[in-house]
Amino acid sequence: MADFNLTALIPEILLLVMACAVLLVDAMLKDAQRAWVERLSLLSVVLVFAALIWQAGGPAQTAFGGTFVVDALSAVLKMASTIALFFALVYARRYNSERPVPRGEFQVIALFALLGQMVMMSAANMLVMYLGLELMSLSLYALAAMRRDDRAASEAAMKYFVLGALASGFMLYGMSMLYGASGSLDLSDINLVSRAEQDKTFLVFGLVFIVGGLAFKFGAVPFHMWVPDVYQGTPTGATLLIATGPKLASFAMAYRLLVEGLPGVVADWQHMMLILAGLSLAFGNLIAIAQTNLKRMLAYSGIAQVGFVLLGLIAGMVDGSFQLAPLAYGSSMFYILTYVITTLGTFGLIALMARSGFECETIEDLKGLHKRSPWMALVMLLLMFSLAGIPPTVGFYAKLIVLEAVVVSGHLWIAVFAVMMSLIGAFYYLRIVKTMYFDPPSDISTPEPAADGRFMLGLNGITVVVLGLLPGPSTSMFDRSKESSLEEVGLTSEEVFKGHFFSVSRDQVSQVDGSVHQREYIKHPGAAAIVPINDQGQVLIERQFRYAPRAVFTEFPAGKRDPGEATIDTAVRELAEEAGYQAREWAFLTRIYPAIGFADELMDIWLCKGLSAVEQRLDEGERLQLHWVTIASLLEAIAQHQLPDVKTQIASLWLARMHDGLAAWPTFHAASYWKANPPI
């Protein structure tokens, strides 16, 4: 546990610091200055998002001995939950200001809820996951209970708290069963136990409680009882937070626990998920038809939407193979992201339509909305089309790729059932469209939202359409997940050797099916190879004894990078030191990994011409001979198997293609140009 690696937690640490800062600022400001608390909260979210963007540009990493993981899954979900919170805070700003909601406390608790979600998304240890879950849950309970003067809100908060505590108990009991079976809280250790050839009764017993707790957090049938009452009774500003970010965190928790932690009992939890998905699709859509309360209808709609998310999870493993895992799990993740986008817009519009003394609660409140506010009606139409899965919205494409995964996995009858339930669900979505566009307007005035609310709502509507019309860019993350089936995420790393310029590490890694393996590899600073070309078209090679293979080799000059050095600088330095030349012009040829199986060495190969002699400065103990040769002689050496050095072979073959006109010569520039304009 000595591997703290606090850099992996920079977004979480920043969020914690900013949440505490918001709390302190709120305590010092007067009521008339509360707007500054809202601005600081939004700034906090922006800063955390920027930190996540910075972190996503780096490699996967772990912290605290592998209990906290930063990978592609956590990066995407954290950024999505951060964006969702930003939208929710903007939508809820005016709504909260017109009601007795403690505005400072609302902002602080919302930030702590986001912190809990982010911890859940990166948790690779059940204790860390449970701490994140409780931080998020307690924050949401507090948000739901903020309107203590409202009987419906108090009742909803109490039901949410009691049932939520019960679900947390389910999760905790299931985790204790997994701990008893594996002797560890780390998901990597539980993974190994689940895949071992032994009695798995204890694991399956714990799995039942785990799935029950997950179903509650998702709001899946039959653990959905809290969803309609909480959505309806909770103030819309809090509903925005309850209905969006926690769904993303629940998906991350399900993926970590089931896919990464329990691949050995995948058939068992797939059967459970299948039952939950079928019940949620049927019950959610059928009950939503009878609802007249808008928020309650959207609650049952959300239950049905969760059914599609669970369908993606059941399609990942077929006949013991995880070959379809990227398609299945990627489609499920894409679906939950699109659901959050549309839910944000829907509840955001409801919040913007409300005013002091009036809540937009029933479907009747939307009568003739297109005449009262054509812009709001259009956005609501797009959002309803997306939830119903009608083209050209993103909801259609999200449903399509989930159904594709289900069909490809061999569950055709499940896909047919899901389509039938979607057709039923389209009724109540289109009923809202009919109410807005074909019913006579009610005498309810529609308030004009503030500029920030209008902008966010418009952005929500545009996003739903653009992502539907351009599914390529919108699913770049999904396409990336197809390749992620081959990727491995580092869990722990140990340096077993430290040499003069390279070291050897031994890592524990996890694959997409959750299996854990050991990798040993060399950490190398990188290198540059140089192909000097004289005015006669000859190239300079060197003959040098290499101790590891105990032989003399023909190769182009090359050398390792110094810390912080660009490879063009390495090439210039090595050309002078090894060959005794300086070059007027340089061209980048290609980049290679000479030994990808066991080393991270990255080598750039440079061409140079316009040579002039300088003093040769060989390293101590370095002995070599220099020769000018023709390109044809290098090809002959390759044909005779006398040129085994990989960098020299690759460069020689490139030279031959360019010499014969089969490939264009790269552009030559001074070394200073390449220093200012790196080739890659």
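What follows is calculated from the coordinates using simple rules that are stated; it is not laboratory data. Computed from a predicted structure; not experimentally measured. Reconstructed Cβ throughout: ideal geometry from the backbone, glycine too, with neighbour counts over all protein chains shown.
Rounded to the nearest 10 degrees, what's the angle between the helix 126-144 long axis and the longest principal axis of the chain, both from Cα atoms, 0 to 90? Roughly 40 degrees, rounded to the nearest 10. Taking the fewest neighbouring Cβ atoms within 10 Å as the starting point, the ordered list for Ile341, Ile275 is Ile275, Ile341.
Give me the mean projected area, in nm² to one decimal, of the convex hull enclosing the Cα positions of the chain. Numbers along the way, then the final one.
Working: hull surface 142.7 nm².
That works out to 35.7 nm².
Taking 27 Å as the straight-line reach from the Cα of Lys200, the lysines in range (excluding those fewer than 8 positions away in the same chain) are Lys217. Note that the stretch 290-382, at 37 °C in a medium of 0.692 mPa s, gets a Stokes-Einstein diffusion coefficient of 213 µm²/s from its Kirkwood radius over C-alpha pairs. Taking Cα atoms only, the orientation of helix 451-469 departs from the longest principal axis of the chain by about 60 degrees. In loop segments of the stretch 290-398 as defined by DSSP, there are no trypsin sites (Lys or Arg not before Pro) with at most 15 further C-beta atoms inside 10 Å of their C-beta. For Lys609, the shell of other residues with beta-carbons less than 9 Å away shows a net charge of -1, using +1 for Lys and Arg and -1 for Asp and Glu. Counting neighbouring Cβ atoms within 10 Å and putting the fewest first, the residues Ile242, Ile83 line up as Ile83, Ile242.
Per-residue ellipticity at 222 nm for the chain, helices alone: DSSP H runs ≥ 4 residues times -39500 (n - 2.57), over residue total, nearest 500 deg cm²/dmol? Intermediate values should be presented prior to the final figure.
Numbers: 25 runs with 394 residues, N = 680.
Rounded to the nearest 500, it is -19000 deg cm²/dmol.
Listing Val340, Val646 from fewest to most neighbouring C-beta atoms within 10 Å gives Val646, Val340.
Residue pairs exceeding 24 angstrom between C-alpha atoms, taken from Lys78/Lys675; Lys498/Lys647; Lys247/Lys371; Lys159/Lys367; Lys367/Lys399; Lys247/Lys399: Lys78/Lys675; Lys498/Lys647; Lys247/Lys371; Lys159/Lys367; Lys367/Lys399. Within the stretch 503-599, list the trypsin sites (Lys or Arg not before Pro) lying in a DSSP loop whose Cβ has at most 14 other Cβ atoms in a 10 Å radius. Loop-located and lightly packed - Arg550.
Report the longest stretch of the chain that contains none of the chymotrypsin sites (Phe, Trp or Tyr not before Pro) sitting in a DSSP loop with at most 14 other Cβ atoms within 10 Å. Let's see the in-between values first.
Values: sites that count: Phe4, Phe501, Tyr547, Phe598.
Longest run free of exposed loop sites: 5-500.
Helix 151-182 and the longest principal axis of the C-alpha atoms of the chain enclose an angle of approximately 40°.
Seen from Phe668, the other residues with C-beta closer than 9 Å to its C-beta sum to a net charge of +1, counting Lys and Arg as +1 and Asp and Glu as -1.
Which of the GluC sites (Glu not before Pro) found in the stretch 95-165 are in a DSSP loop and have at most 14 neighbouring Cβ atoms, other than their own, within 10 Å? Provide the component values of the computation, followed by the final result.
Details: sites: Glu98, Glu105, Glu134, Glu155; in loops: Glu98.
Filter output for the stretch 95-165: Glu98.
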